[in-house]
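Chemist: Got a structure for you, written out below as structure tokens; questions coming shortly.
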């Protein structure tokens, strides 16, 4: 039973489109994250939610909008996609008092 | 904020030991991690160490922490071709913005 699941695993789309990536965790964690891994493999935090409240919002274009309908879900919506948005997006979760993050398998977004 | 640095590449022969080094800047980082990423795959947590420890050993893996110099290393004994991957060092602060900050990753190539 997958602990942190992301959908879709692969997404290929045209510039200018709007797309969403979904993340769900069944671990009962209350904190969730989105990380972006670029083509050089650099991993950067984008957002974090704790109990549906946004607690980390890095310098990310406002075309990116996270949404957390409940503490088990954290979705990422991207408007007006650009070539530079091509990356692997990783979702992760943990308990607020814990120190180990569990990562999803990643969603590879390719913008043509 | 935290800054984590690693060398980009390491090549070893099968059976040798590998040592991957990492430095970090934020002395409030209380947990330090090593993740492994194989090609096309997600992030696998290998091990982590709490900042009040100097060393942690787990089978072929040995983590050394020099808190004074803010230096972390991962030693892999008897390196195998299956160990070829990118290894990421990461730090988690105890307060404030509680998200993992990753290094740039060290690509380990194991020659048969």
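Chemist: What ranking of A:9, A:19 emerges when the number of other C-beta atoms within 10 Å of each C-beta is taken as an exposure proxy, fewest first?
Modeler: A:9, A:19
Chemist: How do A:93, A:107 line up, fewest other C-beta atoms within 10 Å first?
Modeler: A:107, A:93
Chemist: Given springs between every Cα pair under 10 Å in a Gaussian network model of chain B, which of B:90, B:41, B:99 has the largest fluctuation?
Modeler: Judging by the Gaussian network model, the answer is B:41.
Chemist: Assign one of three labels to chain A, namely rounded, prolate or oblate, based on the Cα gyration tensor with a ≥ b ≥ c the square roots of its eigenvalues; rounded applies when a/c is under 1.5, prolate when it is not and a/b is larger than b/c, and oblate otherwise.
Modeler: prolate
Chemist: Please give, to one decimal in nm, the separation of the simple spin-label points placed at residue B:78 and residue B:66, each 7 Å out from Cα toward the Cβ.
Modeler: 2.8 nm
Chemist: Moving on. Which whole-number percent is the relative contact order of the stretch A:4-99 (Cα, under 8 Å, 6+ apart)?
Modeler: Computed value for the stretch A:4-99: 37 percent relative contact order.
Chemist: How many percent of DSSP beta bridges within chain A run antiparallel, rounded to 5?
Modeler: Around 90 percent of the beta bridges assigned by DSSP in chain A are antiparallel ones.
Chemist: For the modelled label position 7 Å from the Cα of residue A:27 along Cα-to-Cβ, which residues of the stretch A:69-100 have backbone nitrogen atoms closer than 15 Å?
Modeler: A:71-74, A:90-100
Chemist: Kindly work out what percent of the DSSP beta bridges joining two residues of chain B are antiparallel, to the nearest 5.
Modeler: Looking only at bridges with both residues in chain B, the antiparallel portion is about 90 percent.
Chemist: Taking square-rooted eigenvalues a ≥ b ≥ c of the alpha carbon gyration tensor, is chain B rounded, prolate or oblate, where a/c under 1.5 means rounded and, failing that, a/b exceeding b/c means prolate?
Modeler: prolate
Chemist: Now a separate question. Taking R0 as 25 Å, what's the FRET efficiency between residue A:98 and residue B:5 from their Cβ-Cβ distance, rounded to 0.05?
Modeler: Given R0 = 25 Å and the Cβ-Cβ separation, E is 0.45.
Chemist: If you take the beta carbon distance between residue A:14 and residue A:51 as r and set R0 to 35 Å, what does 1/(1 + (r/R0)^6) give as a FRET efficiency, to the nearest 0.05?
Modeler: With a Förster radius of 35 Å, E is 0.45.
Chemist: Just want to confirm a number: the relative contact order over chain B, from Cα pairs under 8 angstrom separated by 6+ residues, in percent.
Modeler: 38 percent
Bear in mind that the values in this text are calculations on the coordinates, not laboratory data. Only a predicted model underlies this, so the values are computations on that prediction, with no experimental measurement involved. Using ideal geometry, Cβ is built from the backbone for each residue, glycine included, and neighbour counts are taken over all protein chains shown.
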